[in-house]
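The values are calculated or read from the model by the stated rules, or taken from the named source; none is laboratory data. What you are looking at is a predicted structure, and each value in this text was computed from that prediction instead of being measured. Neighbour counts run over all protein chains shown; Cβ positions are idealised from the backbone, glycine included. When the accessible area is computed, the model is the full protein with side chains, heavy atoms only, and any ligands, DNA or RNA have been set aside. Shrake-Rupley method; radii C 1.70, N 1.55, O 1.52, S 1.80 Å.
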Amino acid sequence: MKRSLGLSFAMVLASIALDPVAGADAPPGRYAIANGTVKDLETGLVWDQTEQPGGPWTFVDAQDQCVAPWRMPSVQELRTISDLTETKPPAIDGAAFYGPTPGSAPSGGWFWTSTVYLLEAKGYSFYVSFDDGQVSADDPTQPGSVRCVQ
């Protein structure tokens with residue numbers, strides 16, 4: 001059992017390290033923006049242009065913020081819109097993505113993902129920090145924001 005958890009953790013970390021990262025300075029033509037959505041033409045993912053208003057939420061409450069066909073992204077998916085080269089928050093393309101209201105600046109801080117950290121018994125889950133683009137896992141009672149994808 002421990003071997004399979006370790007292997008799962010290694011696979012998640014490898015996919016985080018190897019997935020493409022769009023970045024705050026995404027090249028022209030990377031995103032198609034229409035009707036409050038952002039389609040990433042490289043990954044095929046469609047993002048809600050605004051982050052979910054009303055947060056931050058615990059991990060349990062965050063899971064209820066995206067209404068079908070929208071869902072909370074995996075850690076690998078959310079990483080594709082973060083920018084590790086950005087030196088100040090937010091580490092996301094502010095021309096394509098907004099904060100909690102249309103036209104508002106995107107937030108920095110923690111954004112929950114649907115990926116559970118399997119090596120922690122307390123139900124820790126992964127998040128992406130749009131302060132600096134880093135990935136970590138934390139206690140599910142900590143507050144975080146949500147950006148929905150489909």
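Observations
- Scanning segment 54-75 for residues that are within 15 Å of the chain's Cα centre (by Cα) and more than 17 Å from Ala137 (Cα to Cα) yields Gly55, Gln65, Cys66, Trp70, Arg71.
- Look at (1) in contact with a Leu (Cβ under 8 Å, 6 or more places away or on another chain); (2) within 23 Å of Pro140 (Cα to Cα); (3) not aliphatic (A, V, I, L, M) and you find that Lys39 fails only one, number (2).
- The residues of segment 32-53 that are open to solvent by less than 50 Å² (accessible area, probe 1.4 Å), part of a strand (DSSP E or B) and touching a residue at least 40 places away in the same chain (Cβ under 8 Å), listed by number, are Val38, Asp40, Val46, Trp47, Asp48, Thr50.
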